[in-house]
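What follows is calculated from the coordinates using simple rules that are stated; it is not laboratory data. On a predicted model such as this, the values are computed, not experimentally measured, just so you know. In this analysis, Cβ positions are derived from the backbone assuming ideal geometry, glycine residues included, and neighbour counts consider all displayed protein chains.
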Amino acid sequence: MSVVVYDTGMLIALVNQDRRARARHAGFVAAGGHLPIVPGPALSQAYRTSPKTAYAWKRLLGEVFVHPAARGMPVGELLPRCLPCAGGLSVEHWKTLGDILGGAVLPPKKRPDPVDALAVLIAVAHGGGVVMTSDKDDIEAYAATLPGHEVTAVAV
């Protein structure tokens, strides 16, 4: 199964109405299948309450799945349709995330970013996928720590 995972940079591009990001997002949603996945921490990095972006956030959050799934989601919320989303993250996943962060050879002057590494881990948990990112080199470095898994970084 191939999925699309959005990192913080993609969320910011979408909320700021970046034409290229909006066109790609519209294509992912129109294709059906798994909704684009937003790691919860990426949402936390990008979200700020503001009347200027309230509509954009409301629309975007209605078209994506925020991972991990919350237990006891209110009626009307989008329910996860696949096991990796429904199951959330285990202790082993969090340990793997630490190994990804510790093993990645990042570009000079870059610091480990758990949110970017989590985007890669979510794609891998789904059997591979695409990470839409503003940090393509970082995503590729994290993906390289998990050989045998197909994760593609696409710059926004």
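Points worth noting:
- Spin-label pair Thr152/Leu61, simplified geometry with 7 Å Cα→Cβ offset, distance in nm: 3.1 nm
- Averaging the Cα positions of each part gives two centres, and for region 93-156 and region 1-72 these lie 18 Å apart.
- Computing Cα extents along the principal axes in Å directly from the structure and comparing it against (i) 39, 33, 28; (ii) 59, 31, 26; (iii) 140, 36, 21 singles out (i).
- Lysines whose Cα lies under 22 Å from that of Lys95, excluding same-chain neighbours fewer than 8 positions away: Lys110
- Counting 0.36 nm for each residue step from Arg19 to Arg48 and taking away their Cα separation leaves a gain of 8.4 nm.
- For region 76-156, the square roots a ≥ b ≥ c of the C-alpha gyration tensor eigenvalues yield an a/c of 1.5 or more together with a/b exceeding b/c, which makes the shape prolate.
- 11 Å cut-off, amide nitrogen to a point 7 angstrom out along Val91 Cα→Cβ, residues in region 128-156: none
- Relative contact order (%) - criterion: Cα under 8 Å, at least six apart; region: the chain: 32 percent
- Unit charges on C-beta of K, R, D, E only; dipole of the chain, Debye: 600 debye
- A cut-off of 5 Å between modelled amide H atoms, ignoring neighbours fewer than 5 places along the same chain, links Val131 with Val5, Thr152, Ala153, Val154.
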